[in-house]
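Student: The structure's right below; bear with me while I get my questions together.
The values are calculated or read from the model by the stated rules, or taken from the named source; none is laboratory data. Quick caveat: nothing in here was measured; it's all calculated off a predicted structure. Don't worry about glycine lacking a Cβ; one is built from the backbone with ideal geometry, like all the others, and counts go over all protein chains shown. Remember, those area values only see protein heavy atoms, side chains included, never the ligands or the DNA or RNA. Shrake-Rupley method; radii C 1.70, N 1.55, O 1.52, S 1.80 Å.
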Amino acid sequence: MMTGRIHSIQTLGTVDGPGVRFVLFMQGCPLRCGFCHNPDTWDFSAGTEVTPDEIMGKVLRYREYFGEDGGITVSGGEPLSQAEFVTKLFTLCKQNGIHTVLDTSGSVWNSSVEKLLSVTDMCLLDYKMTDNESYLRHIGCDIGRVENFLGELQKRNIRTWLRQVIVSGINDTAESVGRLYALADAHPCVEKTELLKFRKICSPKYENMGIVFPFGDIPETTDEQIEKLRRK
C-alpha cells in the first residue's frame, strides 16, 4: 500500500492558491533556504505516515467550503520529493472534481514529477532568487533546475503563480525583481507574480531545534519595501 509522510494539515487555507483550500504540508525537503519558515519539515524520516485514501477522506469532508475556486493545495517541505504519493492523491481529487494546486520550489525533476504534472491544475512556483550565485549560496540548488521546471509548466500550459520572498540586502533590488517580472512575461502560463515579505515568526523553531536561523539577523521586510518593488 502506498504511503507518504506528511507534516501537517490546514483545513481552510486562503493564501495557498485561489479560493478556500485544504492545504497538505508534506514532510521532507532537499533544500536549505536561508529564510525557511519550517525547518521542522526538512527531515524525511519525521512526520506522520498516511495513505492517499486517508487524506482524500479528509479532503471530502471540506468539499462544501471550496466553492467554485477552491480545492486542495499540496505544499511542504517539498512535495516533488514524494511525487508518486501526490500523484495518487491528485488523481483521486480529479476523479472527485476537486481542483489541485502544487506549491513547490521546482527543484526536482524526474519521471515521477512528470506524471504528477499531468494531474496538476495549477502551480505556485517559489522562484526564490533570480541569479544562480544567490541560489547556490542561500537556497542549496542550481537555478537551472527551477528554470527547467518553469519551462515544463509552460509546455503543459499549467496555470502558474510565481512567488518570491523578498529579503533585505539579498534580493530586494529593482534589478532582481525586474528579472522575476521578465520571467513572468516570457512565460504566458504565469498569470500572477507575488512578492512576499520576509518574516521571522519562525525563529523559535530554530531555537527549539538547536540550529542557527541563517537570516536571523536580517530585519523583516516592510510593506513599503514590497510596494516600492511591486510592478504598477
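Student: Can you pull the percent of the range 127-227's accessible area that's carbon plus sulfur, 1.4 Å probe, other chains left in place?
Tutor: 50 percent
Student: Please report, in debye to the nearest 20, how large the charge dipole of the chain is about its Cα centre when each Lys and Arg carries +1 at its beta carbon and each Asp and Glu carries -1 there.
Tutor: Result for the chain is approximately 280 debye, rounded to the nearest 20.
Student: On the full set of protein chains, 1.4 Å probe, figure out the accessible area of residue 84 and give it in Å² to the nearest 10.
Tutor: 110 Å²
Student: So what is the calculated 222 nm ellipticity per residue for the chain, using -39500 (n - 2.57) for each DSSP H run with n of 4 or more, over all residues, to the nearest 500 deg cm²/dmol?
Tutor: Value at 222 nm, helices only, nearest 500: -10000 deg cm²/dmol.
Student: Can you list the trypsin sites (Lys or Arg not before Pro) in the range 61-166 that are in a DSSP coil and have 14 or fewer other beta carbons within 10 angstrom?
Tutor: Filter output for the range 61-166: 156.
Student: Now for a separate question. Compare 52, 204, 30 in a GNM of the chain, Cα atoms joined below 10 Å, and give the one with the largest fluctuation.
Tutor: 204
Student: Given contacts defined as C-alpha pairs under 8 Å and at least six residues apart, what's the relative contact order of the chain, whole-number percent?
Tutor: 17 percent
Student: Could I ask something else about it? Beyond a 31 Å Cα-Cα separation, which of these cross-linked pairs lie in this structure: 115/228; 88/200; 200/228; 88/228; 115/192?
Tutor: Over 31 Å Cα-Cα: 115/228; 88/200; 88/228.
Student: I would also like to ask the following. On full extension of the chain, what length is gained from residue 60 through residue 185, given 0.36 nm per residue of separation minus the C-alpha to C-alpha distance?
Tutor: 41.3 nm
Student: Next question, about the same structure. Considering the options 41, 95, 83, tell which one lies farthest towards the positive end of the dipole of the range 41-105, charges being +1 on Lys and Arg and -1 on Asp and Glu at the Cβ, about the Cα centre.
Tutor: Going by the charge dipole, the pick is 95.
Student: Which are the unpartnered cysteines of the chain, meaning those with no other cysteine Cβ under 4.7 Å from their Cβ?
Tutor: Here 29, 93, 123, 141, 189, 202 come out as lacking a disulfide-compatible partner, given the Cβ-Cβ threshold of under 4.7 Å.
Student: Antiparallel versus total DSSP beta bridges in the range 1-137: what percent is that, nearest 5?
Tutor: Around 40 percent of the beta bridges assigned by DSSP in the range 1-137 are antiparallel ones.
Student: Here is a further query. Using r as the Cβ-Cβ distance of residue 232 and residue 205, and R0 as 41 Å, what FRET efficiency do you calculate, to the nearest 0.05?
Tutor: The pair residue 232/residue 205 has a calculated efficiency of 0.70.
Student: Continuing with the same structure: Quick one: compute the contact order of the range 79-188, relative version, from alpha carbon pairs under 8 angstrom and 6+ residues apart, as a percent.
Tutor: Value for the range 79-188: 25 percent.
Student: Enumerate the amide H contacts of residue 124 below 5 Å, restricted to partners 5 or more residues apart or on another chain; note that Pro and chain-start residues carry no placed amide H.
Tutor: Long-range HN contacts for residue 124: 102, 103, 104, 161.
Student: To continue, here is another question. What list of ³J(HN,Hα) values in whole Hz, one per residue of the range 55-62 in order, does the Karplus curve 6.51 cos²θ - 1.76 cosθ + 1.60 (θ = phi - 60°) give from phi, with Gly and Pro shown as x?
Tutor: Values, residue by residue: 5, 4, x, 5, 4, 5, 5, 10 Hz.
Student: Now for a separate question. Mind checking which of 69, 172, 40 has the largest fluctuation in a GNM of the chain, springs on alpha carbons under 10 Å?
Tutor: Maximum fluctuation in the GNM of the chain, among the listed residues, is at 69.
Student: Using only alpha carbon pairs under 8 Å that are at least six residues apart, calculate the relative contact order of the range 1-137 and give it in whole percent.
Tutor: Contact order relative to length: 24 percent.
Student: Give a quick list of GluC sites (Glu not before Pro) in the range 155-232 that DSSP marks as loop, anything other than H, G, I, E or B, with at most 16 other Cβ atoms within 10 Å.
Tutor: Answer by residue number: 220.
Student: Looking only at the chain, where both bridge partners belong to it, what percent of the DSSP beta bridges are antiparallel (to the nearest 5)?
Tutor: Approximately 25 percent, going by the DSSP bridge assignments.
Student: Could you work out how far the C-alpha centroid of the range 2-46 sits from that of the range 216-232, in angstrom?
Tutor: Cα centroid of the range 2-46 versus Cα centroid of the range 216-232: 24 Å apart.
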